[in-house]
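Working notes for the structure below.
The values are calculated or read from the model by the stated rules, or taken from the named source; none is laboratory data. Here the structure is a predicted model, which is why all the values come from computation and not from measurement. Glycine gets a Cβ as well: all are built from the backbone with ideal geometry, and neighbour counts include every protein chain shown. The area values use the complete protein model at the heavy-atom level, side chains included, leaving out ligands, DNA and RNA. Shrake-Rupley method; radii C 1.70, N 1.55, O 1.52, S 1.80 Å.
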Amino acid sequence: MYPFGEDDPVKCLVYFAQIHETFRRAELDALGELYGINVEWEDYSDNSPFSIIKLASRREARKLVGRSILAKGIYELWGVAPDYNELHKFVRVNTAKMWPSCMGKSFKFYVEAFNGKRSQSEQHRIIEQFAYLGLDGSISMKNPEMTFNVMEEYKNKHVKAPTRVFLGRLLAVGSRHLVDTYDLKKRHYIGTTSMDAELGLITANFALTAPGKIAYDPFVGTGSFLVSCSQFGAYTLGSDIDGRQVRGKKGRSVLSNFKQYGLVSTYLDGFVSDLTNTPLRKTRFLDAIVCDPPYGVREGLRVLGSRDPEKAKEPVVRDGELRYLQDGYIPPKRPYSFLAMLDDILQFAADHLVSGGRLCFWMPTANEDFSQLDIPTHPELEIVSVCVQEFNKWSRRLLTYSRKKGDPIIEQAASRSAEIAEPEKKKVTADELNTFRKKYFEGFRPVS
Amino acid sequence: MKILTSNYITCAVKACKSSTLSFPLHFQDAELVQEEVDFNAEFIVGILPRIEWDALIVTAAELGFTNLPAQKPEPTEEAPLGEQVLKDLHKLLLETQVTEGKLVCGNCQHIYNIHQGIANFLLPNHLV
Ligand SMILES: C[S@@+](CC[C@H](N)C(=O)[O-])C[C@H]1O[C@@H](n2cnc3c(N)ncnc32)[C@H](O)[C@@H]1O
Ligand SMILES: [Zn+2]
């Protein structure tokens, strides 16, 4: 019943971190897509850290989870049952064929309880009950050839008995240690809107970044997404309308972050530009676009141009010299609507991503006014996943799109940009253009 | 700015996009720096089809590198690119950077400054 060769199909237990629940399945699906691995979900719930999937081989299992941020580990599932009696019954009958292959190998046996606690002596008692496996190798806590895990799941912290118990043999651990490596508290250069390490790394997984690919962040800020993408081997490019962000100061900059993590070889460039007036040639050369666009709360959502549409359309000359060439020149900027910016991002992605390339961006919303309809769409981009991070009165979503095959529909693009450009021409305030910002400062009062 | 990046950069002025004169932008008063970075043959092979070769020749020549072949190397399964060709491309595309200087549009003549390796493509009001 349980084939156990390296290349035999296998039922696996995935042990997830109980955090960012709605991202967990999407992350493994993304890694499946990246490696061409078909993940069949047999059992999954946002309320449990334990999930069961079917894979074509153990080799695939190791590959799939190896760089996951949200999966702590993946195990061959030796058994799952509502209590220990049932578990032992099952394991005795169904895994006996595996036992000979375990002989003479050093091992370690763990007990982990979700929502529960087990004292040392209870753990020993639980482990001893598996004596019938007949493991005869030495016990090695440091470097065992096999690691067995008994996992217990309790409904809540008050119940005495677990509702589910699992036995699994470890195939691979994930990459959660990177969350600590990239911890913002230890990062050389950060800002008020740096993306936290964990979500930055998850975003890089959703974007299918990998060695040799090119990823771009048009709102690079302090470069949180870029270092995450480069961690997985991608070459990275970033830009920001605010030159101070890219340059940093006193030796702390996007580049110095790359130096800190030893990733300089994959940092292509940082430059200063406005997404709505991009210098990037319209050609499909990017494998991934990852960003947290400005939504105008802690940072301005601005584009180039004067607030006053009547203003100087002639070059400004000062002291007989073109003003814009002088040191310290800062071009005028005007407020812009968040929705128009979202459309611009989608169009930019359609124009610059290779087929199958990914756009991943974060979008904040006030909780009461979000519906499925608010997910921006584009005819050349297919929505892959929508994952939510909830806060008290607002939430933000990570939207992931895949660039469809084929050429961009140019006419459609042109008519869309005409549509959104129009209302922008009047003189308006940031709040009028940005309902999220307005609600944020109003403290998300429910609309009466 | 790395030479590779310059192959994807054109004039930020919208009216220039349709003009063939706006790409590549032209380096002026460029200070060049060579900085060693890890060699990744796979990346060079993968990026080659996404490079506009004629523009690369123009850019390279303006910076004093005149030994690029006139035609883009076209590797095949029987004849993959040799290690030396890849290393030369790596050196030009990823290890050569302009740290100070200007990029000029051949269509509108607008000048973009490069300072400490970071180019500034923000436009004054009359060009937006
Ligand atoms: C939410 S922050 C991104 C922070 C970034 N993820 C980080 O790790 O630091 C948004 C950034 O967008 C920039 N920005 C605002 N308007 C822009 C525009 N029109 N084009 C390009 N960047 C813009 C801001 O300067 C800011 O750095
Ligand atoms: Zn121009």
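Can you tell me which residue in the range B:102-122 is farthest from A:Y329 (Cα to Cα), limited to those that are more than 8 Å from every other protein chain (Cβ to nearest Cβ) and crowded, with 20+ Cβ neighbours inside 10 Å?
Ranking the candidates gives B:C105 first.
Testing B:S19 on (1) within 30 Å of B:H126 (Cα to Cα); (2) open to solvent by 60 Å² or more (accessible area, probe 1.4 Å), one condition comes back false. Which one is that?
The failed condition is (2).
Name the one entry in A:D274, A:D240, A:D287 that is open to solvent by less than 10 Å² (accessible area, probe 1.4 Å), within 23 Å of A:S194 (Cα to Cα) and either among the hydrophobic types (A, V, I, L, M, F, W, C) or within 11 Å of chain B (Cβ to nearest Cβ) (or both).
After ruling out the rest, the residue left standing is A:D274.
For the range B:17-128, give me every one of the helices (runs of 4 or more DSSP H) that falls completely inside it and has 3 or more residues that are among the β-branched types (V, I, T) and away from ligand 1 (no atom under 16 Å from the Cβ). Please lay out each step first, then the result.
Values: elements: B:41-47, B:53-62, B:83-94.
Qualifying helices (runs of 4 or more DSSP H): B:41-47, B:53-62.
Within the range B:1-16, count every residue that is in a helix (DSSP H, G or I) and either open to solvent by 10 Å² or more (accessible area, probe 1.4 Å) or more than 8 Å from ligand 2 (Cβ to nearest atom) (or both).
Total meeting the criteria: 6.
Which pairs have Cβ atoms under 6 Å, sit 6 or more apart or on different chains, and link a residue in the range A:20-38 that is at pLDDT 95 or above to one that is in a helix (DSSP H, G or I) and open to solvent by 60 Å² or more (accessible area, probe 1.4 Å)?
Within 6 Å, the pairs are A:Y35/A:K63.
From the set of residues in the range A:193-230 that are away from ligand 1 (no atom under 14 Å from the Cβ) and away from every other protein chain (no Cβ under 14 Å), which is surrounded by the most Cβ atoms within 10 Å (Cβ to Cβ)?
A:F206
Any residue in the range A:179-186 that is touching a residue at least 40 places away in the same chain (Cβ under 8 Å) and of a type in the set (K, R)?
No; the residues of the range A:179-186 include none that is touching a residue at least 40 places away in the same chain (Cβ under 8 Å) and of a type in the set (K, R).
Tell me which residues, restricted to the range A:243-252, are within 22 Å of A:Y329 (Cβ to Cβ) and either surrounded by fewer than 24 Cβ atoms within 10 Å (Cβ to Cβ) or within 16 Å of ligand 2 (Cβ to nearest atom) (or both).
Listed by number, the residues that qualify are A:G243, A:R244, A:Q245, A:R247, A:G248, A:K249.
Before we move on, is B:T59 among the β-branched types (V, I, T), more than 7 Å from every other protein chain (Cβ to nearest Cβ), buried (at least 18 other Cβ atoms within 10 Å of the Cβ) and in contact with a Ser or Thr (Cβ under 8 Å, 6 or more places away or on another chain)?
Working: among the β-branched types (V, I, T): yes; more than 7 Å from every other protein chain (Cβ to nearest Cβ): yes; buried (at least 18 other Cβ atoms within 10 Å of the Cβ): yes; in contact with a Ser or Thr (Cβ under 8 Å, 6 or more places away or on another chain): yes.
When the stated conditions are applied, B:T59 passes them.
Kindly indicate whether any position in the range B:29-50 is within 14 Å of chain A (Cβ to nearest Cβ), surrounded by 15 or more Cβ atoms within 10 Å (Cβ to Cβ) and under 17 Å from B:K102 (Cβ atoms).
No, because not a single residue in the range B:29-50 is within 14 Å of chain A (Cβ to nearest Cβ), surrounded by 15 or more Cβ atoms within 10 Å (Cβ to Cβ) and under 17 Å from B:K102 (Cβ atoms).
For the range A:11-32, what are the residues that are open to solvent by 10 Å² or more (accessible area, probe 1.4 Å) and touching a strand residue (DSSP E or B) at 6+ places or on another chain (Cβ under 8 Å)?
A:K11, A:Y15, A:Q18, A:H20, A:T22, A:R25, A:A26, A:D29 - these are the residues of the range A:11-32 that are open to solvent by 10 Å² or more (accessible area, probe 1.4 Å) and touching a strand residue (DSSP E or B) at 6+ places or on another chain (Cβ under 8 Å).
Return the residue satisfying two criteria in turn: it lies in the range A:244-266 and is within 22 Å of A:C360 (Cβ to Cβ) and within 9 Å of another protein chain (Cβ to nearest Cβ), and of such residues it is modelled with the highest pLDDT.
Filtering first and then ranking leaves A:T266.
Inspect the range A:215-225 for any residue being assigned to a helix (DSSP H, G or I) and within 30 Å of A:G356 (Cα to Cα) and give the result as yes or no. Lay out the reasoning, then the answer.
From the range A:215-225, those assigned to a helix (DSSP H, G or I) are A:224-225; that's our starting set.
With the extra rule that they be within 30 Å of A:G356 (Cα to Cα), the set shrinks to A:224-225.
Among the residues of the range A:215-225, at least one is assigned to a helix (DSSP H, G or I) and within 30 Å of A:G356 (Cα to Cα), which makes the answer yes.
Please tell me if A:V388 is at pLDDT 95 or above and part of a strand (DSSP E or B).
Answer is no for this residue.
Say whether the condition of being within 11 Å of chain A (Cβ to nearest Cβ), within 16 Å of ligand 2 (Cβ to nearest atom) and open to solvent by less than 10 Å² (accessible area, probe 1.4 Å) is met by at least one residue in the range B:84-93.
Looking for residues that are within 11 Å of chain A (Cβ to nearest Cβ), within 16 Å of ligand 2 (Cβ to nearest atom) and open to solvent by less than 10 Å² (accessible area, probe 1.4 Å), one finds none in the range B:84-93, hence no.
Give the number of residues within the range A:253-271 that are among the charged types (D, E, K, R) and open to solvent by 20 Å² or more (accessible area, probe 1.4 Å).
Initial filter on the range A:253-271 (among the charged types (D, E, K, R)): A:259, A:269.
Now narrow it down to the ones that are open to solvent by 20 Å² or more (accessible area, probe 1.4 Å): A:259.
Result for the range A:253-271: 1.
Among residues belonging to the range A:33-45 that are more than 28 Å from A:A288 (Cα to Cα) and touching a strand residue (DSSP E or B) at 6+ places or on another chain (Cβ under 6 Å), point out the one that is most open to solvent (accessible area, probe 1.4 Å).
Checking each candidate, the answer is A:E42.
Among the residues of the range B:106-124, what is the count of those that are small (G, A, S) and touching a helix residue (DSSP H, G or I) at 6+ places or on another chain (Cβ under 6 Å)?
Our first condition is that a residue be small (G, A, S); within the range B:106-124, this holds for B:106, B:117, B:119.
Add one more test, that the residue is touching a helix residue (DSSP H, G or I) at 6+ places or on another chain (Cβ under 6 Å), and what stays is B:106.
Of the residues in that region, 1 qualify.
Would you mind stating whether A:L304 is more than 16 Å from ligand 2 (Cβ to nearest atom), hydrophobic (A, V, I, L, M, F, W, C) and within 18 Å of B:F121 (Cβ to Cβ)?
Against the criterion (more than 16 Å from ligand 2 (Cβ to nearest atom), hydrophobic (A, V, I, L, M, F, W, C) and within 18 Å of B:F121 (Cβ to Cβ)), A:L304 does not qualify.
Quickly run through the range A:322-344 and pick out the residues that are exposed (fewer than 13 other Cβ atoms within 10 Å of the Cβ) and either modelled with pLDDT of 85 or more or away from chain B (no Cβ under 14 Å) (or both).
If the condition is that a residue be exposed (fewer than 13 other Cβ atoms within 10 Å of the Cβ) and either modelled with pLDDT of 85 or more or away from chain B (no Cβ under 14 Å) (or both), then A:I330 is the only one that fits.
Could you tell me whether A:Y295 is within 13 Å of chain B (Cβ to nearest Cβ) and either buried (at least 20 other Cβ atoms within 10 Å of the Cβ) or modelled with pLDDT of 95 or more (or both)? Give the derivation first.
Numbers: within 13 Å of chain B (Cβ to nearest Cβ): no; either buried (at least 20 other Cβ atoms within 10 Å of the Cβ) or modelled with pLDDT of 95 or more (or both): yes.
In short, no.
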